[in-house]
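Handing you a structure now.
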Amino acid sequence: IRVELQDERLSTVEARAGLFERGGYRALNKGSVDSQSAAIILQDWFENHY
């Protein structure tokens with residue numbers, strides 16, 4: 001299995017900003033922030049590799 005590293009700096013900041021825009025403070029629960037951060041990291045990886 002090949003392992004690759006992906007820079008995840010600022011993914012949480014970006015996730016929080018996007019969630020806050022869409023739902024205010026109510027949207028900023030840990031699960032939502034973590035899920036959105038993971039999606040941002042994956043999207044960045046795809047953009048850098050494909």
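Quick note: the coordinates plus some simple rules give every number you see, no bench work behind them. Everything quoted here is computed from the prediction, not taken from an experiment. Heads up, the Cβs are rebuilt from the backbone with ideal geometry, glycines too, and the neighbour counts pull from every protein chain shown.
With angles folded into 0 to 90 degrees, how steeply does helix 11-23 sit against the dominant principal axis of the chain? Use alpha carbons for both and round to 10.
It is inclined by approximately 40 degrees.
Let me ask something else. Which ³J(HN,Hα) values, rounded to whole Hz and listed in residue order, are derived for the range 27-32 from phi using the Karplus coefficients 6.51, -1.76 and 1.60 in 6.51 cos²θ - 1.76 cosθ + 1.60 with θ = phi - 60°, glycine and proline given as x?
Going residue by residue, I get 7, 8, 7, 4, x, 5 Hz, with x marking Gly and Pro.
When a footprinting reagent is the concern and you count Cβ atoms within 10 Å, what order do 19, 28 take, fewest first?
With the sparsest Cβ surroundings first, the list reads 28, 19.
DSSP loop (so not H, G, I, E, B), at most 11 other Cβ within 10 Å: list which GluC sites (Glu not before Pro) in the chain pass both filters.
4
How much mean residue ellipticity at 222 nm does the chain get from its helices, if each DSSP H run of length 4 or more adds -39500 (n - 2.57) and you divide by all residues, to the nearest 500 deg cm²/dmol?
-22000 deg cm²/dmol
Over the chain, what portion of Cα pair distances is larger than 14 Å, expressed as a whole percent?
Here the tail beyond 14 Å accounts for 53 percent of pairs.
May I ask you to evaluate 6.51 cos²θ - 1.76 cosθ + 1.60, the Karplus curve with θ = phi - 60°, for each residue of the range 34-41 and list the ³J(HN,Hα) values in order in whole Hz, giving x for glycine and proline?
With coefficients 6.51, -1.76 and 1.60, one gets 4, 5, 5, 4, 4, 5, 5, 4 Hz.
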